[in-house]
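Heads up: the structure comes next, in structure tokens.
The values are calculated or read from the model by the stated rules, or taken from the named source; none is laboratory data. None of the values given here were measured: they were computed from a predicted structure. What goes into the accessible areas is simple: the full protein's heavy atoms, side chains included, and nothing from ligands, DNA or RNA. Shrake-Rupley method; radii C 1.70, N 1.55, O 1.52, S 1.80 Å.
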Amino acid sequence: MTTAFAHTVRGELLSAFHAQPAGFALALATILAACVSLGVAVTGKVWAVNWYRISPTRVTLAVVLLVLGGWVYKLAVGVISGTLPVGR
């Protein structure tokens, strides 16, 4: 995921996705969070979010599915392209 973060901050979005899709998504989320935080720091206006309506179970499930989906993608690309040594 470190490689995906590095590619994302350099603007190499396709390379970041190919390196690790989950890392790319988390890098985008980090950039978004930083922008929102900067906006709050500059303007002093805090977004009103009803945090009690956001289920921790659903957030956890979404993150787990994101990470698993990223690894499934990496495995599939590795097997299809022949770069993953399977059954040799």
Quiz item: Between G44, G70, G78, which gets the highest mean-square fluctuation from a Gaussian network model of the chain, Cα cutoff 10 Å?
Solution: G44
Quiz item: Highest GNM mean-square fluctuation, the chain, Cα pairs closer than 10 Å: which of V77, V64, V46?
Solution: V46
Quiz item: Want the number for L66 to N50: 0.36 nm per residue separation, take away the alpha-carbon distance, what's left?
Solution: 3.4 nm
Self-check item: Of all accessible heavy-atom area on the chain, the percent that carbon and sulfur account for (1.4 Å)
Solution: 71 percent
Quiz item: How high is the relative contact order of the chain, given as a whole-number percent (alpha carbon pairs under 8 Å, six or more residues apart)?
Solution: 23 percent
Quiz item: For the range 73-79, what does the Karplus curve 6.51 cos²θ - 1.76 cosθ + 1.60, with θ = phi - 60°, yield as ³J(HN,Hα) per residue in whole Hz, taken in order and with x for Gly and Pro?
Solution: 4, 4, 5, 4, 5, x, 6
Quiz item: Under a 1.4 angstrom probe, counting protein chains only, how are H18, H7 ranked by accessible area, largest first?
Solution: H18, H7
Practice problem: Give me the angle, in degrees from 0 to 90, between the Cα long axis of helix 21-43 and the longest principal axis of the Cα atoms of the chain, rounded to the nearest 10. | Solution: 20 degrees
Exercise. Express in Å², to the nearest 10, the accessible area of T3 obtained by rolling a 1.4 Å probe over the protein heavy atoms while all chains stay in place.
Key: 80 Å²
